[in-house]
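The values are calculated or read from the model by the stated rules, or taken from the named source; none is laboratory data. Keep in mind that what you see is a predicted model, and the values were worked out from it rather than measured. Neighbour counts are summed over all protein chains in view; Cβ atoms, including those assigned to glycine, are modelled from backbone coordinates with ideal geometry. Accessible surface is based on the protein model in full, side chains and every heavy atom, while ligands, DNA and RNA are left aside. Shrake-Rupley method; radii C 1.70, N 1.55, O 1.52, S 1.80 Å.
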Amino acid sequence: MQNFKKSCVYQIYPKSFMDSNGDGLGDLKGVTGKLDYIRELGVDYIWLTPFFVSPQKDNGYDVEDYYRVDPRYGTMEDFEELIQEAEKRGLKVMLDMVFNHVSSRHEWFQKALAGDEIYKQYFIFKKGRDKGRPPTNWASKFGGSAWEYVPEFDEYYLHVFDVTQPDLNWENPAVREELKKVVRFWMEKGVKGFRFDVINLISKGEFLDDNEGDGRRFYTDGPKVHEYIRELNEATFGTDTQIVTVGEMNSTKMEHCFSYAGSETHELSMVFNFHHMKVDYVGNEKWVLVPFDFKKLKEILFDWQVQMAEHDAWNAVFWCNHDQPRVVSRFGDDGEYWKESAKMLATAIHCLRGTPYIYQGEEIGMTNAGFTDIAQYRDVESLNHFKILKDKGISEANAYGIMGVHSRDNSRTPMQWSKEENAGFTEGTPWIPVNENYERIHVSSQMKDEDSILEHYKRLIRIRKEYDVVAVGDIEPLVKEHLAVLAYRREYQSESLVVLCNFYGRETEVELELETEGYRCLLSNYEGTKELRGGMRLRPYEALVFYRHRK
């Protein structure tokens with residue numbers, strides 16, 4: 001069995017994790033200082049979001065230099081110490097590689113702008129059309145056109161994300177060789193995992209107008225993407241069987257993920273897909289206020305679970321990351337049933353087939369930011385869309401309501417360590433405001449509480465390691481039409497697991513068409529245990545895990 005199937009990954013957004021020097025920014029020494037906490041959680045990998053030199057237009061996903069640690073996060077010596085101290089505790093470090101684009105301040109792009117034809121070929125420059133129109137009508141994911149005009153060349157360059165994030169031209173073999181060097185450099189430092197940012201966007205198709213959407217169908221899961229990933233695998237991380245890789249797949253199709261994460265396809269260990277994270281959108285439009293579609297959430301989760309298993313491909317399973325709102329605020333209840341719903345959501349995801357990812361603070365039930373003033377926001381996407389919403393005529397109150405639900409800054413408020421000032425994150429002024437509920441929700445109080453959300457996460461991580469059925473069992477959705485309950489059964493050899501999760505703050509009844517004899521309650525988010533029966537009454541946000549082993 002591949003180790004990553006029993007593993008759990010803990011994602012750290014260093015800027016908001018722990019500040020060691022009082023400048024208000026989290027740093028690498030701050031991470032090192034919290035390794036004992038991470039080890040006690042029981043995870044195996046620490047995924048660090050980018051800490052490379054960057055102008056921080058997109059919080060580090062605009063890389064200026066792949067080989068240097070940004071001084072605001074520390075030094076290369078700090079990173080090397082982090083690797084060594086992590087190894088002592090049985091933890092492996094996973095880095096975030098942003099290979100679809102670079103910062104416009106990267107040396108390659110600066111040389112391109114200076115007219116160096118070699119480096120212009122590292123990017124995608126195109127002539128515009130008549131009447132000063134860009135090459136296509138594609139939209140940037142951060143708003144506006146995906147093309148920026150350069151008067152000196154009378155050409156446009158492509159930026160699928162921010163204008164300061166020009167897309168790399170993977171058609172150019174020289175670009176691919178440069179990126180292989182980057183991976184090898186960090187492998188030599190002892191890195192044992194790589195997360196590849198929006199890696200399915202690297203192969204651009206035809207440059208045509210999109211009369212049906214924003215252009216993504218021309219550059220998503222493009223014509224040579226599998227070829228490029230296999231080439232990167234075989235030249236770099238594929239040479240070390242200990243290295244785990246995960247691809248962030250933006251608006252991907254499942255058929256492509258069978259290959260991206262197939263056990264024998266020589267691409268990646270696993271994939272993130274985000275379709276289940278769009279069930280509170282309207283189509284692809286995120287900046288709206290609608291209730292989440294529970295039926296659609298179930299359909300998407302189970303579709304990916306079942307079909308990826310049928311094609312021997314592996315999922316990364318998650319609710320939270322640095323780009324997503326806090327799940328307890330989004331799909332749970334951050335008020336009356338805060339603890340119950342946070343535990344239920346954890347149970348639902350951690351017992352699925354796939355490697356679970358925990359985002360810092362998720363394990364203590366951190367909630368959305370609750371910001372009420374645009375001056376509190378830092379995220380470029382949020383700031384752009386606040387202006388777009390107001391330009392559309394949406395009232396300021398409604399614009400704030402939408403931001404409060406969907407802004408990426410919801411996940412970027414500082415980690416809540418204690419009830420001390422600034423939640424124990426910094427002795428200085430934090431780069432982004434601390435959530436005001438930190439005196440109630442913090443690590444130190446939950447470490448002393450056997451009934452805490454934190455303890456529930458620890459149990460879930462242990463269960464995956466102890467029971468093969470959780471790590472590698474088949475999955476069968478149950479009660480697919482139920483309007484409030486997500487339920488499934490896992491089977492592996494003589495083991496069986498049944499998981500029941502009520503997604504709402506009201507009691508509900510569920511009828512199960514399965515043999516219930518011989519199961520014991522392995523985990524619950526309410527006091528006391530229950531027996532598995534054909535008819536079950538679930539309390540608000542109740543989660544139950546039942547296990548059976550046939551001799």
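In a shell of Cβ-Cβ distance under 15 Å around residue 506, excluding residue 506 itself, what net charge do Lys and Arg (+1) and Asp and Glu (-1) give?
-4
Mind jotting down the distance between the C-alpha centroids of segment 259-283 and segment 364-434, whole Å?
Their Cα centres are 27 Å away from one another.
How far is helix 173-188 tilted, in degrees, relative to the longest principal axis of the Cα atoms in the chain, given as a value from 0 to 90 rounded to the nearest 10?
Result, in degrees: 50.
Hey, what's segment 71-169 come to in accessible area per residue, 1.4 Å probe, Å²?
Using a 1.4 Å probe on heavy atoms only, each residue of segment 71-169 averages 43 Å².
Give me the base-10 log of I(q)/I(0) for segment 322-368 at each q in 0.23 Å⁻¹, Debye formula, one uniform scatterer per Cα, rounded to two decimals.
-0.79
Calculate what fraction, in whole %, of the accessible area of segment 50-177 sits on carbon and sulfur atoms when a 1.4 Å probe is rolled over the protein chains.
48
Binned at 5 Å from 0, what are the whole-percent values of the Cα-Cα distance distribution for segment 1-79, short to long?
3, 15, 23, 23, 16, 11, 6, 2, 0
Using a Debye calculation, one point per C-alpha and no hydration shell, please list log10 I(q)/I(0) for segment 147-218 at q = 0.24 Å⁻¹ in order.
-1.25
Would you mind giving the average projected area, over all directions, of the Cα convex hull of segment 497-551 in nm² with one decimal?
The Cα convex hull of segment 497-551, projected and averaged over all directions, gives 3.7 nm².
Give the dimensionless ratio obtained when the Cα radius of gyration of segment 212-290 is divided by 2.2 N^0.38 Å.
For segment 212-290, the normalised Cα radius of gyration is 1.29.
In whole Å, what are the extents of segment 305-416 along the principal axes defined by its C-alpha atoms, from largest to smallest?
In descending order, the Cα extents are 47, 33, 21 Å.
For the pairs 343/480; 448/551; 120/390, note any where the Cα-Cα span goes beyond 28 Å.
As for pairs spanning more than 28 Å Cα to Cα, those are 448/551; 120/390.
For the chain, what is Rg from Cα atoms divided by 2.2 N^0.38 Å, rounded to two decimals?
0.96
Under 5 Å between amide hydrogens, which residues at least 5 positions from residue 140 or on another chain qualify, with H placed 1.01 Å from N in the peptide plane?
For residue 140, whose amide H was placed from the backbone, the distant partners under 5 Å are 145, 146.
Can you list residues whose amide H is under 5 Å from residue 194's amide H, if they're 5+ apart or on another chain and H is modeled 1.01 Å from N?
95, 244, 245, 246
On average over all directions, what projected area in square nanometres does segment 33-97 have, based on the convex hull of its Cα atoms?
4.4
Please give the calculated 222 nm ellipticity per residue for the chain, where each DSSP H segment of at least 4 residues contributes -39500 (n - 2.57) and the sum is spread over every residue; nearest 500 deg cm²/dmol?
Helices in the chain give a 222 nm mean residue ellipticity of -8000 deg cm²/dmol.
I'd like the Karplus ³J(HN,Hα) series for segment 340-357: coefficients 6.51, -1.76, 1.60, θ = phi - 60°, whole numbers in Hz, and an x wherever there's a Gly or Pro.
Result, ordered by residue: 5, 6, 4, 5, 4, 4, 4, 4, 4, 8, 6, 9, 6, 7, x, 8, x, 10 Hz.
Take segment 446-551, compute every pairwise Cα distance, and split them into 10 Å bins from 0; I just need the percent in each bin.
14, 46, 34, 6, 0
Take the Cα radius of gyration of segment 125-269 and divide it by 2.2 N^0.38 Å, with N its residue count; two decimals is plenty.
Dividing the Cα Rg of segment 125-269 by 2.2 N^0.38 Å gives 1.15.
Please list, in chain and number order, the residues 5+ apart from residue 8 or on another chain whose amide H is under 5 Å from its amide H, with Hs placed from the backbone.
For residue 8, the qualifying residues are 44, 45.
Segment 117-165: Rg/Rh from Cα coordinates, Kirkwood Rh?
0.96
In segment 110-146, which residues have a backbone nitrogen under 19 Å from the label point lying 7 Å from residue 171's Cα in the Cα-to-Cβ direction?
From segment 110-146, the list is 112-113, 116-129, 134-139, 146.
Find how many whole Å separate the alpha carbon centroid of segment 311-330 from the alpha carbon centroid of segment 73-143.
24
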